[in-house]
Amino acid sequence: MAPWWLSCSTAVFLLLVHVGPVVSQSCGAPGIPGIPGTHGLNGMDGPKGEKGDPGEDGQPVRGQKGEPGPMGPPGRPGMKGDMGLAGRPGERGRPGEKGRAFSPSNQQRSFFSYKRMISQVPEVDTAMVFNSPILPDLDQQFQGESLTNGTFTCVVKGIYFFSYHVSARSRVCLRLMKGSDGHMTMCDTSEGFLVTSGSAVLNLEVGDTVSVEATRYNSIVTSQSSTSHIFTGFLIFPTA
């Protein structure tokens, strides 16, 4: 590559060659074109052009169907819907087995109903004695249980109903006993004669006892001809 000073000298020489004839002659032929100059700097950006027309709509391209994804977790239960219509009646079932003939004598039973026919005042905190059955003329198969000194002893395990009715003057307190425990105490008062009553349902095991006791707060009427002192009990249903 030629040194810069050599290039500059050559350019000046050529310029003088072309300029000399122009000065010495007032009218002559045009000279040869000069060497093109170097490119100038880039110009400033022009103003923003106007908005162009919209392009044509593109055509969607549908791909192939993908593989099914994994099953998601179950959603929360929805709200309870309305009750549906009743279905049609089902088919009639097959007949059941023939039942056995009913016989009252084959059923478990346990009952009693006694009245007190004693003229003495009952002892306090001791089982009252009811010594006379209400229905003494029943056939033997319908006879109830006997009371031992006024106390019922369970022979059939089950649910029992007990009640008592006792006449007194002015006041009376009686206690229904299950074994040695007082199941309930009933008291009543009046200016004259009165009849106090009490009842209870008890669950008994074989061997359990039930009785009625008088307390020290009583004025029980005593009469051998009176039937106003009654103690009754019977089996509702067995549980064995």
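Every number in this text was worked out from the coordinates using simple rules, so none of it is lab data. Keep in mind that this is a model prediction, so the values were computed, not measured. Note that we place each Cβ from the backbone using ideal geometry, even for glycine, and neighbour counts take in every protein chain shown.
Summary of computed values
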item	result
Gained length - E191 relative to R171, 0.36 nm times residue gap less alpha-carbon distance	6.4 nm
Rough spin-label spacing in nm, given labels placed 7 Å along Cα→Cβ, for E56 and M71	4.9
Distance (nanometres) between label positions extended 7 Å along Cα→Cβ at S113 and S219	3.1
Environment charge at T209 (Cβ cut-off 11 Å; Lys +1, Arg +1, Asp -1, Glu -1)	-2
Rounded, prolate or oblate (a/c below 1.5 giving rounded, otherwise prolate when a/b exceeds b/c) for region 100-232 by Cα gyration tensor	prolate
